[in-house]
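A short write-up of the structure that comes next.
The values are calculated or read from the model by the stated rules, or taken from the named source; none is laboratory data. Bear in mind that the values here come from a model prediction, so they are computed numbers and not experimental data. Note: ideal-geometry Cβ built from the backbone for every residue, glycine included; neighbour counts use all protein chains shown. Side chains included, ligands, DNA and RNA excluded: accessible areas come from the protein's heavy atoms. Shrake-Rupley method; radii C 1.70, N 1.55, O 1.52, S 1.80 Å.
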Amino acid sequence: MPTRGRPTAVAGAGYPHPVVIDCPTNQSDDKVREVTYELRGRYRTLSATVRPHYEEYPDSVTYVTAVGGFPQRDGVLSRREVGRQQFATMASPQALTAEVHGAAEVTIQIRCESPDGVVVLESARLTRG
């Protein structure tokens, strides 16, 4: 998927430790955007403030889910939700915290009410455990 340019409000904001992810188009084949980070079991928690930015519909809501991949004895990763943020808006950013202790990877899933935005994970941090 091609990325859109960052909205002026995001580009000039100077957010600390930002991760910026485009919203999905909300077409039948693009309902969720995912970004996966390899952790190798080295981290305990993931934390960030979810700050969506929408050009046309500023009251649109965003949903962010963190899914951990945990190694099983047979080498297969068992995936389970480890953190969730619901209903972040431009006027009301929300905290995301996820317990990732022992996870080989974590996948951040982004769902947006409107496809015209981006989601900023501000002050995104992985804490060693």
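Okay, here's what the table says:
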quantity	calculated
The lone exception for Gly75 - which of (1) within 16 Å of Asp22 (Cα to Cα); (2) out of contact with any Gly (no Cβ under 7 Å at 6 or more places or on another chain) it fails	(1)
Inter-residue pairs, beta-carbon under 6 Å, first within 12 Å of Thr97 (Cα to Cα) and in the stretch 108-129, second open to solvent by 30 Å² or more (accessible area, probe 1.4 Å) and hydrophobic (A, V, I, L, M, F, W, C), 6+ apart	Ile108/Val35; Leu121/Val19; Ala124/Val19
